[in-house]
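Trainee: Below is one structure. I have some questions about it.
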Amino acid sequence: MKLFSKFLSTLMISGLITSISYAQSDNYQSFGDQITKESAITVTDLLSSLEGKDSVEAKVTGQINNVCQMKGCWMNISDGTAQEPVFVQFKDYAFFVPKDAAGKDVIIEGMAYRDMTSVEDLKHFAKDAGKSEEEIAKITEPKEEIRFMAKGVLIKS
């Protein structure tokens, strides 16, 4: 009986260490609606799925390029191969992401769509991103962009 008890204790400790190690290597912070990592596509695949369409529901994985430095109310993400990053905002302005999240891996779920961004908005977003007055002054034309309205976000810690 003593041997069985020792074996059971060792097994439980081993399982606990394994689950802690797994949790640390796969740790995400969640924002907005609860979403899962499964079935996420790349930014490049998202852009392909939008060809010929105005919008598409998707779960996308990428890397955060930059975040609004005022509140964390938007971010840009890419996957290293897409020419243009995707501009991500958060549904109903209901949540924000950490301002220091640039460079981290991310999974977003929601609606991707095409939109024309005005010069005024482009300048506003450039200011929020911490761009210089010189860089902001160079913005003189509206820009068609791929945007994403995220209902949930996972950021890898």
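Trainee: When you scan region 5-28, do you find a residue that is of a type in the set (Ser, Thr, Tyr), over 17 Å from residue 148 (Cβ atoms) and either at pLDDT 95 or above or surrounded by 15 or more Cβ atoms within 10 Å (Cβ to Cβ) (or both), even just one?
Mentor: First pass over region 5-28, keeping only residues of a type in the set (Ser, Thr, Tyr): 5, 9-10, 14, 18-19, 21-22, 25, 28.
Then keep just the ones that are over 17 Å from residue 148 (Cβ atoms); that gives 5, 9-10, 14, 18-19, 21-22, 25, 28.
Checking which are either at pLDDT 95 or above or surrounded by 15 or more Cβ atoms within 10 Å (Cβ to Cβ) (or both) leaves us with 28.
Yes, region 5-28 contains a residue that is of a type in the set (Ser, Thr, Tyr), over 17 Å from residue 148 (Cβ atoms) and either at pLDDT 95 or above or surrounded by 15 or more Cβ atoms within 10 Å (Cβ to Cβ) (or both).
Trainee: Among the residues of region 43-56, count how many are within 15 Å of residue 87 (Cα to Cα) and in contact (Cβ under 8 Å) with a residue 40 or more places away in the chain. It would help to see each step written out before you state the result.
Mentor: First, the residues of region 43-56 that are within 15 Å of residue 87 (Cα to Cα): 43-44, 46-47, 50, 55-56.
With in contact (Cβ under 8 Å) with a residue 40 or more places away in the chain added as a condition, the list becomes 43, 46-47, 50, 55-56.
Of the residues in that region, 6 qualify.
Trainee: Just to be sure, is residue 88 surrounded by 14 or more Cβ atoms within 10 Å (Cβ to Cβ) and either closer than 23 Å to residue 39 by Cβ or at pLDDT below 95 (or both)?
Mentor: Yes, satisfied.
Trainee: Another question, then. Going by what's in this entry, would residue 64 be described as modelled with pLDDT under 95 and not small (Gly, Ala, Ser)?
Mentor: no
Residue-by-condition table, conditions (1) under 16 Å from the mean Cα position of the chain (by Cα); (2) among the hydroxyl-bearing types (Ser, Thr, Tyr); (3) surrounded by 17 or more Cβ atoms within 10 Å (Cβ to Cβ); (4) over 19 Å from residue 156 (Cα atoms):
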{"site": "66", "(1), (2), (3), (4)": "yes, no, yes, no"}
{"site": "112", "(1), (2), (3), (4)": "yes, no, yes, yes"}
{"site": "134", "(1), (2), (3), (4)": "no, no, no, yes"}
{"site": "138", "(1), (2), (3), (4)": "no, no, no, yes"}
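Trainee: In addition: Just give me the residues in region 47-62 being crowded, with 18+ Cβ neighbours inside 10 Å and either touching a Leu at 6+ places or on another chain (Cβ under 9 Å) or over 10 Å from residue 112 (Cα atoms) (or both), in sequence order.
Mentor: 58, 60, 61, 62
Trainee: Among what's in region 114-132 and is over 26 Å from residue 61 (Cβ atoms) and in contact (Cβ under 8 Å) with a residue 24 or more places away in the chain, pick the residue that is surrounded by the most Cβ atoms within 10 Å (Cβ to Cβ).
Mentor: 118
Trainee: For region 95-107, check the following and say yes or no: at least one residue is under 14 Å from residue 55 (Cβ atoms) and over 10 Å from the mean Cα position of the chain (by Cα).
Mentor: Of all residues in region 95-107, those under 14 Å from residue 55 (Cβ atoms) come to none.
No: zero hits.
The values are calculated or read from the model by the stated rules, or taken from the named source; none is laboratory data. Nothing here was measured: the structure is a model prediction, and the numbers come from that model. When we count neighbours, we look across all protein chains shown, and the Cβ atoms used for this are built from the backbone with ideal geometry, even at glycine.
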